[in-house]
Amino acid sequence: MNFSYQTLDATSQNYSHNVFALDVLEGLSNDPKRLYSKYFYDDVGSKIFQEITELPEYYLTNCEAEVLETHKQKILDSIPKKIRLIELGAGDGRKTNILLRHFLHQGLDFEYTPVDISSKAMQILLESLKNKFAQTPLQVKGVVAEYFNAISWLAHSDHITNLVMFLGSNIGNFNLNEAKKFLRYLWNSLNDGDYVLIGFDLKKDISVLNAAYNDSAGVTRRFNLNILQRINNELQANFDLEKFTHFAHYNVVSGAMESWLISSIQQDVTIKSIHKNFTLKAWEGIHTEYSYKYTFENIRELAHDTGFEISNIFEDSHGYFVDTLWKV
Ligand code: AVI
């Protein structure tokens, strides 16, 4: 058992703080106002997201766990016997444990490289892996970085077959152009014969989608509002969080759940650290997230357009979620 992690240079605190400030400045100057959903995931937001994954309405996590449990042997049969398992956006690694345990049990020779944007989430993950895999030969080398930085880092890695996992419908938080850009970049960084395992949330009954993003306990509301709390804390702003409504709805045209924060009053917001004032009109919204949903046709097109070949599609028993194995 060997556990360590490194933080890539570009995620040094100063750099991240400046990029965050610029993105907030640009996003709040936009019409409609918007904030990038990647900024949900500070230490607090990452923790709230773990709570979301345990909600009864948020079916995605359980469906994907079922997929991995049911198809773990088929996944193993499809890949070489010595690999580096890289996971982008690892979070708490709950679902990945299913594969790790199975792969160890079946004697796969592998090293696990979780990648996460939050160093706190990485520390918690390593701690939990240490407890769960104490008596095993598991090797873990984590990386704290954003996806693109992590992928550039991958490009410099040595010659071992990579299996890059991008689970949990993280791909859904990109729009189609961003998803293509990301996947082309990934394809370009990997070697012939490498694999990616990508989780897609499928298009389905709108009432199921609406419930998942408007949970009755209000956890998703807290998750959404945390982005403003973060701006208040880190950029010395004064958003009045109490005056915002969490609004999540399905956009039939784009095929995405869209999350908004809508101010019920006019708010004059000062963001001291960037010396800017913004006015939010009463009932004006700030767009905070897209969660795109896919059809099989959408998935096939995406793989085709980004250079990958689909080796296998694994679906859960409700027909809600798929993990798809793609080959470079
Ligand atoms: C991380 N991501 C795939 C989640 C999603 O479903 O889009 C984030 C989330 N937003 C609201 N609930 C969960």
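Since every read-out is calculated from the coordinates, none of them should be taken as a lab result. Because the structure is a prediction, the values reported are computed rather than measured. Note that we place each Cβ from the backbone using ideal geometry, even for glycine, and neighbour counts take in every protein chain shown.
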Looking at residue 66 and the list (1) crowded, with 19+ Cβ neighbours inside 10 Å; (2) charged (D, E, K, R); (3) within 16 Å of the ligand (Cβ to nearest atom), which single condition is not satisfied? (3)
Checked region 145-178 for anything within 16 Å of the ligand (Cβ to nearest atom) and outside any helix (DSSP H, G or I); matches are 146, 165, 166, 167, 168, 169, 174, 175
Take residue 243 and decide whether it is charged (D, E, K, R) and in contact with a Lys or Arg (Cβ under 6 Å, 6 or more places away or on another chain). no
Filter result for residue 273 (touching an Asp or Glu at 6+ places or on another chain (Cβ under 8 Å) and over 25 Å from residue 171 (Cα atoms)): yes
Filter region 111-124 down to residues that are among the hydrophobic types (A, V, I, L, M, F, W, C) and either within 20 Å of residue 324 (Cβ to Cβ) or surrounded by fewer than 17 Cβ atoms within 10 Å (Cβ to Cβ) (or both), then give me how many there are. 1
Considering only region 269-321, state which residues are more than 17 Å from residue 198 (Cα to Cα), touching a residue at least 40 places away in the same chain (Cβ under 8 Å) and of a type in the set (Lys, Arg). 276
Could you tell me whether any residue of region 198-211 is assigned to a loop (DSSP other than H, G, I, E, B) and within 15 Å of the ligand (Cβ to nearest atom)? yes
Residue 181 vs. criteria touching a strand residue (DSSP E or B) at 6+ places or on another chain (Cβ under 8 Å), surrounded by fewer than 15 Cβ atoms within 10 Å (Cβ to Cβ) and either not in a loop (DSSP other than H, G, I, E, B) or not polar (S, T, N, Q) (or both): no
For region 69-92, give me each residue that is free of Cβ contacts under 8 Å to residues at least 60 places away in the same chain, within 16 Å of the ligand (Cβ to nearest atom) and either surrounded by 22 or more Cβ atoms within 10 Å (Cβ to Cβ) or over 18 Å from the mean Cα position of the chain (by Cα) (or both). 90
Please work out which residue is nearest to the ligand (Cβ to nearest atom), limiting yourself to region 214-259 and to residues that are acidic (Asp, Glu) and within 21 Å of residue 291 (Cβ to Cβ). 215
